[in-house]
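K.L.:
Below: one structure in structure tokens.
What follows draws every value from the coordinates through simple rules; no lab data is involved. Quick caveat, the model's predicted, so the values are computed rather than measured. We place every Cβ from the backbone using ideal geometry, glycine too, and count neighbours over all the protein chains shown.
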Amino acid sequence: MEISVNSLMVLVLLLNFLALGFSQIGTVIRISAFQGVLLAAMPLWLGGDLGGRMLLLCLVTAVIKGALIPGMLFRAMRDVKIRREVEPLLGFIPSLLLGALGLGVGLVFAKSLPMFQGQEKTLILPGSISTILTGFIMLTTRHKAITQVVGFLILENGIYVFGLLLLGTMPELVELGVLLDLFVCIFVLGIILNHIQRAFSSLDSNNLTTLREKP
């Protein structure tokens with residue numbers, strides 16, 4: 001089980017680096033969707049008596065992260081006719097280096113935290129920290145609002161991974177709360193995307209600086 005979980009986490013970490021290194025927005029959306037589906041299935045790899053409610057939650061999570069939200073983002077892409085993230089605040093190579101640094105920080109930090117027996121040899125905690133930092137990098141260094149939404153999704157994936165550490169003791173209601181927060185944030189971000197596009201015919205969030213009040 002430990003080998004399977006670590007193999008899955010290595011794939012999740014690889015997707016983090018791919019998301020940081022690609023400029024094509026459609027590819028980045030697909031990467032985040034694939035990562036979300038993998039993480040939704042991760043409780044099955046961890047084993048234990050999950051119960052029907054948790055299995056249903058895993059299925060709902062996979063549908064939301066793998067189909068519903070990516071579909072909304074692809075529709076926004078078609079509406080505003082954008083394909084690439086051009087000249088981000090932090091370049092793609094520096095982003096990859098910063099992502100590697102975040103992984104190193106996660107590996108070091110994970111050794112200092114107490115964990116349940118059997119979890120100390122897995123990559124769940126360092127993978128969680130690295131994924132959160134990857135999402136934060138994309139959220140703060142990309143100009144296109146759609147890419148920033150993807151960064152938020154990856155950040156939420158990291159929080160979801162962290163929650164898996166408490167799978168045996170955490171009620172399903174907590175995970176449903178995480179999904180509810182995600183829904184609220186996505187709807188809010190959708191409203192922001194719509195207003196940016198209507199005002200500027202673009203999804204470059206730098207245009208928001210023109211909204212400051214005139215003296």
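K.L.:
Could you check the spin-label model distance between Asp79 and Trp45? Points 7 Å from the Cα along Cα→Cβ, value in nm.
P.N.:
So the label points at Asp79 and Trp45 sit 3.5 nm apart.
K.L.:
Now a separate question. Once amide H atoms are built 1.01 Å from N in the peptide plane, which residues 5 or more positions from Arg84, or in another chain, come under 5 Å H to H?
P.N.:
Ile25
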